[in-house]
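Accompanying notes for the structure given below.
The values are calculated or read from the model by the stated rules, or taken from the named source; none is laboratory data. Because the structure is predicted, anything quoted here is derived from the model rather than measured. Heads up, the Cβs are rebuilt from the backbone with ideal geometry, glycines too, and the neighbour counts pull from every protein chain shown. Note: accessible area is taken over every heavy atom of the protein model, side chains too, but ligands, DNA and RNA are not part of it. Shrake-Rupley method; radii C 1.70, N 1.55, O 1.52, S 1.80 Å.
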Amino acid sequence: MNNKYVIANLKMNMDLNDTIQYLKIANKEINSKNVIICPTSIYIPYFLKQNYSVGVQNIYTCDKGAFTGEISPFQASSIGINYAIIGHSERRGYLKETDDFINQKIKAALKNNLKVILCVGETLEEKEMFRTEQVLKRQITYGLKDLTAEELKNVLIAYEPIWSISTSGTGKVPNNKDISDVSIYIKGLINSNFKYADTKILYGGSVNDKNISTLNEIKEIDGVLVGGASCDINKLLKIIEVVVDQ
Ligand code: PGA
């Protein structure tokens, strides 16, 4: 077992018919608990029925109450959801989620036994100003504030440079050396801040069936987070075939 992960972030794509067709093909092929599918929340029960590892794309800070439209970590956990994506750049950007709010979400998820996929990454402007490490340091230091080494066993970090996300328009992916350097930086930072040396790092941003073999050569990452390409089940299966021992 190589223990690598493939996380499929379907975002707000696919209708019910697409979902049913997607599952028909996926059912025969996906056997690993390290393949985590994060559908639109209203379609999650279809995926749970098939025994996949399932994640929500967002979670709230409280278990219950008058919070119209939010997803409760307690309720998510109680129906068998295993993971929560937290701090995705689309939520940081469009919905103005702060590191402090993200930190509260992470604590609420962990308290309910949900594993966390924390997304971090810099904008193109920040990259061009050589501020990548500074940005990651802020997102990680405040995002994971007060967490224990024990809790960090249940946190995966997805490094997703915002400029590389397929819908951002640049269509670029960092080279393997840059991804490797960032991964080493993040692991070192978490080790020195939190005394936890075994953080799992994923890469995300324009991962597809064409570039996956090259990306999979990076020894310092523990898998990939796939957005757009994961909506095509055949592309996702190809990525899984390269990355995950099933
Ligand atoms: P992408 O999205 O694979 O379409 O670039 C990744 C993400 O936003 O998580």
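Below is a table of values for the structure above.
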{"quantity": "Sequence-separation-based contact order of the chain, relative, with Cα cut under 8 Å and 6+ spacing, percent", "calculated": "23 percent"}
{"quantity": "Nonlocal Lys pairs with alpha-carbon distance under 21 Å, region 145-202 (8 or more apart, or different chains)", "calculated": "11"}
{"quantity": "Sum of side-chain charges, Val54 neighbourhood, beta-carbon under 14 Å (Lys, Arg +1; Asp, Glu -1)", "calculated": "+3"}
{"quantity": "Asp146, Asp99, reordered so the largest accessible area comes first (probe 1.4 Å)", "calculated": "Asp146, Asp99"}
{"quantity": "Residues Lys64 and Ser213, FRET efficiency given R0 of 41 Å [Cβ-Cβ distance, rounded to 0.05]", "calculated": "0.35"}
{"quantity": "Contact order relative to length of region 68-193, as percent, for alpha carbon pairs under 8 angstrom and 6 or more apart", "calculated": "25 percent"}
{"quantity": "Solvent accessible area, Å² - Met14, 1.4 Å probe, full protein context", "calculated": "40 Å²"}
{"quantity": "Relative compactness, the chain, computed as alpha-carbon Rg over 2.2 N^0.38 Å", "calculated": "0.95"}
{"quantity": "Protein accessible area in region 1-50, 1.4 Å probe - carbon and sulfur %", "calculated": "52 percent"}
{"quantity": "Residues of region 206-244 with amide N under 14 Å of a point placed 7 Å along Cα→Cβ from Lys177", "calculated": "none"}
{"quantity": "Distant-in-sequence amide H partners of Glu220 (H built 1.01 Å from N, under 5 Å)", "calculated": "none"}
{"quantity": "Net length gained if the chain between Asp198 and Asp15 were fully extended (0.36 nm per residue, minus Cα distance)", "calculated": "62.1 nm"}
{"quantity": "Sparse-neighbour loop sites [chymotrypsin sites (Phe, Trp or Tyr not before Pro); region 93-153; at most 11 other C-beta within 10 Å; DSSP]", "calculated": "Phe130"}
{"quantity": "Aspartates and glutamates whose Cα lies under 14 Å from that of Lys235, excluding same-chain neighbours fewer than 8 positions away", "calculated": "Glu29, Asp209"}
{"quantity": "Region 1-130, relative contact order [Cα under 8 Å, separation at least 6], %", "calculated": "20 percent"}
{"quantity": "For region 142-198, accessible area per residue (1.4 Å probe, heavy atoms of protein chains only), Å²", "calculated": "49 Å²"}
{"quantity": "Accessible area expressed per residue, region 70-133, with surrounding protein chains retained (probe 1.4 Å, Å²)", "calculated": "50 Å²"}
